[in-house]
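Q: Have a look at this one before I ask anything.
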Amino acid sequence: MTAVTSSGTAVVTLPTDTQILITREFAAPRHLVYRAWTTPELIKRWWSGGKGEVVSAEVDLRVGGTWRYVMAADGGFEVGFHGEYQEIVPNELIVCTEVYEGVPEGEGEAAVCTHTFTEKDGRTTLTLLTQLSSREDRDAIISSGMETGMQEGWDLLERIAVSLR
């Protein structure tokens, strides 16, 4: 039986002036989605969303540990993000900070991202709630075109998670 994938089906909503909520179902059990989300070699295969090459995916998956992803984008520039893990429940929950390295030093605060992995009937729903310090920060992210890359990246994430069976 072939798993039915859900291409481009992440739903982006704005619950408050300082939040972005992304929800998507994956055709794979949550331990595999979580593994694809947290394993550097697998992150390198999906995080760019096909918009470049992930040249670095560092993950120290523990409370107080840090993460950093860097992509060489197709336009010839680098895009980097990093953060620190605040709470981890394996296969269920990751709370971490997220900083976009393209923002000038000292501008804007780190976002707090809460990733929740829930499973029903062998399918996983991932919800990602990003809490920002201002409406301006939220709107800058929304207007950056992040959704296109995210949709494509999460499609790749699903294919990888399904392939891990």
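Q: Please give the number of the condition G76 fails out of (1) closer than 20 Å to V103 by Cα; (2) in a strand (DSSP E or B).
A: Status for G76: all satisfied but (2).
Q: Do we find that A36 is at pLDDT 95 or above, of a type in the set (G, A, S), outside any loop (DSSP other than H, G, I, E, B) and buried (at least 19 other Cβ atoms within 10 Å of the Cβ) in this structure?
A: Considered against the rule, which asks whether it is at pLDDT 95 or above, of a type in the set (G, A, S), outside any loop (DSSP other than H, G, I, E, B) and buried (at least 19 other Cβ atoms within 10 Å of the Cβ), A36 comes out as yes.
Q: Answer yes or no as to whether E87 is modelled with pLDDT under 95 and surrounded by fewer than 17 Cβ atoms within 10 Å (Cβ to Cβ).
A: Judged against the criteria, E87 is not a match.
Q: Outside any strand (DSSP E or B) and at pLDDT 95 or above - does that describe any residue in segment 101-109?
A: No, every residue in segment 101-109 fails to be outside any strand (DSSP E or B) and at pLDDT 95 or above.
Q: Go through segment 135-165 and give me each residue that's at pLDDT below 95 and not in a helix (DSSP H, G or I).
A: The answer is S144, G145, R165.
Q: Among the residues of segment 11-25, is any under 22 Å from A110 (Cβ atoms), charged (D, E, K, R) and at pLDDT below 95?
A: No, because not a single residue in segment 11-25 is under 22 Å from A110 (Cβ atoms), charged (D, E, K, R) and at pLDDT below 95.
Q: Scan segment 42-51 and tell me whether some residue there is in a loop (DSSP other than H, G, I, E, B) and aromatic (F, W, Y).
A: Within segment 42-51, one or more residues are in a loop (DSSP other than H, G, I, E, B) and aromatic (F, W, Y).
The values are calculated or read from the model by the stated rules, or taken from the named source; none is laboratory data. Predicted, not measured: the structure shown is a model, and the values here were computed from it. Positions of Cβ are backbone-derived with ideal geometry, glycine not excepted, and every protein chain shown enters the neighbour counts.
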